Amino acid sequence: MFATLSSRWGCMGGLLIVLLACAARAEAGPPLLCDPFRPEPGAALLPWAPAPTSWNAPDPDYDRRQLVGDVLRLLTPQASILARMENLRRATIYATADPRLAGELLAAVTARTTTASGEPSRDPLAWFDAGYLIETYRQATHIARWDMLTGEARRMWTMNRAPSADGVALVRKAIALSGSNRAMEHAMSLMR
């Protein structure tokens, strides 16, 4: 009998820990947006506000008209997965103020999954970037839905419709093409 009670209390204690961890995570907001990623020192990143005080701190002087070109320039084969994640996080936040720009960015990044001859790319990074951006956009729709912004920031946040494509499937393809990639697998774990 003691073993049964002990086992039940152990299960309940474990369940309580899981529930508390989930509650803490739920308050943090969508992880692809609200948790800035810290790539290696010296990684090339989109401009951001100096000494940001929150997850939503775009540089007010950044010319968003350069966003698509800047993102494509930063997504080099040498860029680490964490640098890619942070650049796509920042790019999504910049793009939320302009639905046309958000569409252009998504089209440009997903276009890299196809070769010039129209064949599917064999580059796992192209598939990762496309899938990751799609899922970051999907999580961006929760910002307004969960009423996480106020004032001007709320008015500027226009990303309210999730993409129809399945970014997780694209990241799975990236992992399959790369053989195995722990950083990509970690990124995928933050998507759902």
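Please treat every number below as a calculation from the coordinates, not as lab data. Worth saying up front: this structure is predicted, and the values here are computed from it rather than measured.
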Seminar exercise, completed: Once phi for every residue in region 40-56 is put through the Karplus expression 6.51 cos²θ - 1.76 cosθ + 1.60 (θ = phi - 60°), the whole-Hz ³J(HN,Hα) values, with Gly and Pro written as x, are 4, x, x, 5, 6, 10, 4, x, 9, 4, x, 6, x, 9, 8, 5, 9
Seminar exercise, completed: Along region 136-143, Karplus-curve 3J(HN,Hα) (6.51, -1.76, 1.60; θ = phi - 60°) to the nearest Hz, with x for Gly and Pro, reads 5, 4, 4, 5, 4, 5, 6, 4
Seminar exercise, completed: What the Cα atoms of region 53-126 span along the principal axes, largest first and in whole Å, is 42, 27, 15
Exercise. Whole-Å semi-axes of region 30-189's equivalent ellipsoid, largest first, each the root of 5 times a Cα gyration tensor eigenvalue?
Worked result: 25, 17, 15
